[in-house]
Amino acid sequence: MTDLAAAAPDAPPIALKNLFYMALAFALLAVVIAIDNVWLLNFVHVMAGVMWTGIDLFMGFVVGPIVRSMPLPARRAFVLRLTPKTLFLLPTLSIITSTAGYFHARQIGFMALPYPQFWWVAAALAIVTLLTVQGLGFLLPTNLMVYFELKKPQPDGARIGRLMRWYFIAVATQGVMQMAIIVVMAKFVTGL
């Protein structure tokens, strides 16, 4: 992997100040939940969900294939610049979307629906749980491991390859689940 050993590109550091912005976003979410306004909670849920889903699908189906076709030094430079930007954004959007969605579903009575309508709620809860656990428990740590490996003067290409092997499958699964949650949300909007 001599291409990876090329001069390390300048990479922005992971800015821990973004933890403040995450905390601020979660505090605003808590205020919105406390206000208990149907429109406002729906707005936060939908906007965070649109951004989370849109970014996930764009990254998985547009950016991913482009990056995989780039020469290794360019791919390295791209990943080293992208990771610090998405590291805080995507987890924040996923947590806000699912939390606002849960409270909004409770607020409008979806949590008390009888079966078989409740199966749609159960499907939404299952999908968003899988998305969040996979995102926070696998994709986020893998992104960090690859980022730190790529920052080394002599990155271990074999290690990166091992990390990325399952990563691409997980990203494809995320895309499928994002499409599934859109189907479920469309069912909610058009009536159970």
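Each value in this text was obtained by applying a stated rule to the coordinates, not by laboratory testing. Just so it is clear, the structure is predicted and the values come from calculations on it, not from any experiment. Ideal geometry is used to build each Cβ from the backbone, glycine not excepted, and the neighbour counts take in all protein chains shown.
Under the Karplus relation 6.51 cos²θ - 1.76 cosθ + 1.60, θ = phi - 60°, what is the ordered set of whole-Hz ³J(HN,Hα) values for segment 154-170, x standing for Gly and Pro?
Ordered by residue, 3J(HN,Hα) equals 10, x, 8, x, 5, 5, 4, x, 5, 5, 7, 4, 7, 4, 5, 5, 5 Hz.
Along the charge dipole of the chain, pointing to its positive end and built from +1/-1 on Cβ of Lys, Arg, Asp and Glu, which listed residue (MET179, ALA123, ILE33) has its Cα farthest out?
MET179
Take TYR21, TYR147 and order them by how many other Cβ atoms sit within 10 Å, fewest up front.
Values: TYR21 13, TYR147 17.
Ranked by crowding around the Cβ, least crowded first: TYR21, TYR147.
Kindly provide the helix-only [θ] at 222 nm of the chain, computed as the sum of -39,500 (n - 2.57) over DSSP H runs of four or more divided by all residues, to the nearest 500 deg cm²/dmol?
That calculation yields -25500 deg cm²/dmol at 222 nm.
Rounded, prolate or oblate, given the Cα gyration tensor of segment 153-192, with a/c below 1.5 counting as rounded?
It comes out prolate by the Cα gyration axes.
So, how do all the Cα-to-Cα distances of segment 59-136 break down into 5 Å bins, in percent, from 0 on up?
3, 12, 17, 17, 13, 11, 9, 7, 6, 4, 1, 0
Using a Förster distance of 30 Å, how high is the FRET efficiency between PHE138 and ASP10, based on the Cβ-Cβ distance and rounded to 0.05?
0.60
Read phi for every residue in segment 135-151 and hand back ³J(HN,Hα) as whole Hz from Karplus 6.51 cos²θ - 1.76 cosθ + 1.60, θ = phi - 60°, with x for Gly and Pro.
So the Karplus estimates, Gly and Pro as x, are x, 7, x, 10, 5, 4, x, 5, 4, 5, 4, 5, 4, 5, 5, 5, 6 Hz.
So what is the relative contact order for segment 18-190, in percent, with contacts set as C-alpha pairs under 8 Å and at least six apart?
30 percent
Direction-averaged shadow area of the convex hull around the Cα atoms of the chain, nm²?
Taking a quarter of the hull surface, the average projection is 11.3 nm².
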